[in-house]
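Here is the structure we will look at.
The values are calculated or read from the model by the stated rules, or taken from the named source; none is laboratory data. Because the structure is predicted, anything quoted here is derived from the model rather than measured. Positions of Cβ are generated from backbone atoms using ideal geometry, with glycine treated the same way; all protein chains shown enter the neighbour counts. Just the protein is used for accessible areas: all its heavy atoms, side chains included, with ligands, DNA and RNA removed. Shrake-Rupley method; radii C 1.70, N 1.55, O 1.52, S 1.80 Å.
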Amino acid sequence: MENEITVYGRATSSNVQAVMWCTAELGISVKRLDYGHNFGGVDTPEYLAMNPNGLVPVLIDDGEPIFESMAIARYLADRYRRDEVFWPSDPETRAQVDKWAEWGKNTWGAAVGQGVFWPLVRTSPKDRDPAKIAAAMAHMNGVGKILNDRLSASRFIAGDVFTFADIATGYMLYRYFTIQFERHDYPAIAAYYERLQERPAYREHVMVSFESLRAEGA
Ligand SMILES: N[C@@H](CCC(=O)N[C@@H](CS)C(=O)NCC(=O)O)C(=O)O
């Protein structure tokens, strides 16, 4: 019998969402187990042996556990390669995709997390620091301009076709567009978000309610 691929992590975690979206785009089936936040289970010795950070996601294929969502996604893309466009095997061609994947996760995704998700969803109004939020939003808008400019010139982040980099760039967009705040007008980002929503895997794994994560009064 073939080994079952297991993802540990709740469906409401954005990092789990990126991994699950990737598995669906690769056409591989995985078992996802609810761990983390209200489900707990991440502070046991067994879980910490898989990921000493006590965070989700963790992936088990047929070897050692893998943590860090992008390390997991890259592993899956390498091992279950869909085609030479989504995740090219040539290092130079792949780097052109991967530079945007890294940027999507660590620059854009982080800016959305710090600019709106953490302050407006995960932090109670009484604990918010308006000056800090304004600075984080200004930073997010600056990064958003880079994204909007890029997407004005190409349909997807690494070019005109959907690649691995779109997972790392697109997984925070559901939150970006559903959290209530005064969004800057970035038409190319909005059109890109529409394009991503045409993908069943995006709708299933990324467009997941985050209501259970709201801090008191948020
Ligand atoms: N850099 C890590 C971050 C992992 C992370 O921060 N996970 C969050 C959820 S998005 C978590 O485990 N939070 C605690 C919990 O759910 O119990 C990754 O990309 O996998």
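Residues are listed down the side, and each one gets a yes or a no for (1) buried (at least 17 other Cβ atoms within 10 Å of the Cβ); (2) without any contact (Cβ under 8 Å) to a residue 12 or more places away in the chain:
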position	(1), (2)
S89	no, yes
D98	yes, no
G104	yes, no
A111	yes, no
V116	yes, no
V121	yes, no
A136	yes, no
H139	no, no
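The single condition among (1) open to solvent by less than 40 Å² (accessible area, probe 1.4 Å); (2) within 12 Å of the ligand (Cβ to nearest atom); (3) out of contact with any Pro (no Cβ under 6 Å at 6 or more places or on another chain); (4) not in a helix (DSSP H, G or I) that I28 does not satisfy is (2).
The test for being of a type in the set (D, E), out of contact with any Asp or Glu (no Cβ under 8 Å at 6 or more places or on another chain) and closer than 27 Å to E4 by Cα holds for D62.
A count restricted to segment 162-180 and to residues that are farther than 15 Å from V208 by Cα and more than 8 Å from the chain's Cα centre (by Cα) stands at 6. Within segment 124-154, can you find the residues that are of a type in the set (V, I, T) and within 24 Å of E68 (Cα to Cα)? Hit for segment 124-154 is V143, nothing else.
Out of everything in segment 35-67 that is more than 9 Å from the ligand (Cβ to nearest atom) and under 17 Å from the mean Cα position of the chain (by Cα), what residue ends up being surrounded by the fewest Cβ atoms within 10 Å (Cβ to Cβ)?
The residue in question is I66.
Of the residues screened, P125 is not one that is open to solvent by 60 Å² or more (accessible area, probe 1.4 Å), outside the structural domain of Q17 (by TED's automatic domain parsing) and farther than 19 Å from T178 by Cβ.
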